[in-house]
Amino acid sequence: MKGLLLFVMLLLAGCSSPVERATKLTARGDAKAAETLLRDQLSAQPDDLHARVMLGRLLLRRNAIADADQLFAELNDNVQIAASYREAMHAQEDEKAIAALAYRAVRRSRESAAATVCKELLTIADTRRTAGVPHEELLAIAGALEPCAPTILEPLRKWITHMSAKEALAFVGESPYFTAEQAREIAITLRDEAARIAGKQDARALALLDVVARVSPAISGDLDVVVLRSRLSSAVGRSSTPSASSVWLFQIYRDGTPKEITLRVMRLVGQALDVYKADMNRYPLAYDFFALRGSLTPRYLSELPMTDGWGRPLVYTVGWNGVSASVVSRGAPGTGSDIVWENGQILQADSR
């Protein structure tokens, strides 16, 4: 009888698929053996979708993200791939790994599913905030993901009372995807929080106003904000006049039509880029306008203006090896007419 039972067990084991056997190995804690089994299966049958997905999930479980990316690159099943990244995102502890996985999950997801990933990412960040764990990486990646921009506005008012000014800037000040209206809402929230804590946390309130200046120069230039900044500067021992970077922003954005302001901004940035090229024999090799800040400030500009006169993000592109560069404003909303600075001159400025 025992011999018959053993025979049946061996027969069933022989009939089970490699994925099923790998699942059992993983459940017993032998993930390494499961990986070996799945790799052998893919060597024999490269088209085994289930084996490929499971192996990818095991790789992500041990944070071998690049290996999983390579494995998934040969698949067209974005639903399963996105689900794998999302599953790993919740299991990870490392901030940078979570951020990287969230980015991949959003890229692989449909628009509706991407919004879910954003909410999950913010939930993870909120849990870490509550536990006192730094979560700047998560905030930064959330602020850099286009589908996350609307989602970010939801927890902002709750979070702002707990965030440092540095976190607030990483969260909302470096995303090119907010609309002008969203940037205005964020700036107003930051301004109101600065006003609320003025007299109790003056240094933090002043730091939040610095973030306002980057998120929405228009709000930063309002009279009530200028007055509040002056009062706070005196209270924390700074000069009662705005900082050099704030003066730049106030002067650049205060007067003129949106087109005049845009041309003013682009000429200033263009001049700084030309001086940089004269010094370095190339333009800055920055992947976007926000990375450009590290190259130009404070040596070439006290602060880098990042929006045009309509409050829309400027776009920076650089050619191969820095031989050419351009700064683009999308122009007046609805006109489809760009304003372009390229290699030392304004090439197109037809926007009304």
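General observations
- For the range 308-327, a tally of residues being under 24 Å from Glu185 (Cα atoms) and open to solvent by 20 Å² or more (accessible area, probe 1.4 Å) returns 6.
- In the range 274-293, the qualifying residues are those that are over 21 Å from Gly331 (Cα atoms), at pLDDT 80 or above and part of a helix (DSSP H, G or I), and the one that is least open to solvent (accessible area, probe 1.4 Å) is Tyr276.
- Every condition in (1) closer than 20 Å to Asp255 by Cα; (2) more than 19 Å from the chain's Cα centre (by Cα); (3) modelled with pLDDT of 75 or more is met by Gln345 except one, and the failing one is (1).
- Within the range 310-335, considering residues that are more than 22 Å from Gly256 (Cβ to Cβ) and assigned to a loop (DSSP other than H, G, I, E, B), the one modelled with the lowest pLDDT: Gly319
- Scanning the range 97-110 for residues that are open to solvent by less than 10 Å² (accessible area, probe 1.4 Å) and over 16 Å from the mean Cα position of the chain (by Cα) yields no hits at all.
- Neighbours by Cβ (under 7 Å, 6+ apart or cross-chain): first from the range 156-181, at pLDDT below 75; second among the hydroxyl-bearing types (Ser, Thr, Tyr): Leu156/Thr189; Arg157/Thr189; Ile160/Thr189
- Criterion applied to Ala113, Ala142 was being at pLDDT 80 or above and closer than 24 Å to Arg57 by Cα, and the one residue passing it is Ala113.
- Filtered by the rule that a residue be touching a residue at least 12 places away in the same chain (Cβ under 8 Å) and of a type in the set (A, V, I, L, M, F, W, C), the range 184-205 gives Ile186, Ala187, Ile188, Leu190, Ala194, Ala195, Ala198, Ala203, Ala205.
- For the range 289-302, a residue qualifies if it is touching a residue at least 60 places away in the same chain (Cβ under 8 Å) and in contact with a strand residue (DSSP E or B) (Cβ under 8 Å, 6 or more places away or on another chain), and exactly one does: Phe289.
- Among (1) within 24 Å of the chain's Cα centre (by Cα); (2) under 20 Å from Val215 (Cβ atoms); (3) modelled with pLDDT of 70 or more - the single one Leu249 does not satisfy: (3)
- Of the criteria (1) in a loop (DSSP other than H, G, I, E, B); (2) in contact (Cβ under 8 Å) with a residue 12 or more places away in the chain; (3) over 21 Å from the mean Cα position of the chain (by Cα), which one Pro305 fails: (3)
The values are calculated or read from the model by the stated rules, or taken from the named source; none is laboratory data. Predicted, not measured: the structure shown is a model, and the values here were computed from it. So basically every Cβ, Gly included, is an ideal-geometry build from the backbone, and we count neighbours across all protein chains shown. Note: accessible area is taken over every heavy atom of the protein model, side chains too, but ligands, DNA and RNA are not part of it. Shrake-Rupley method; radii C 1.70, N 1.55, O 1.52, S 1.80 Å.
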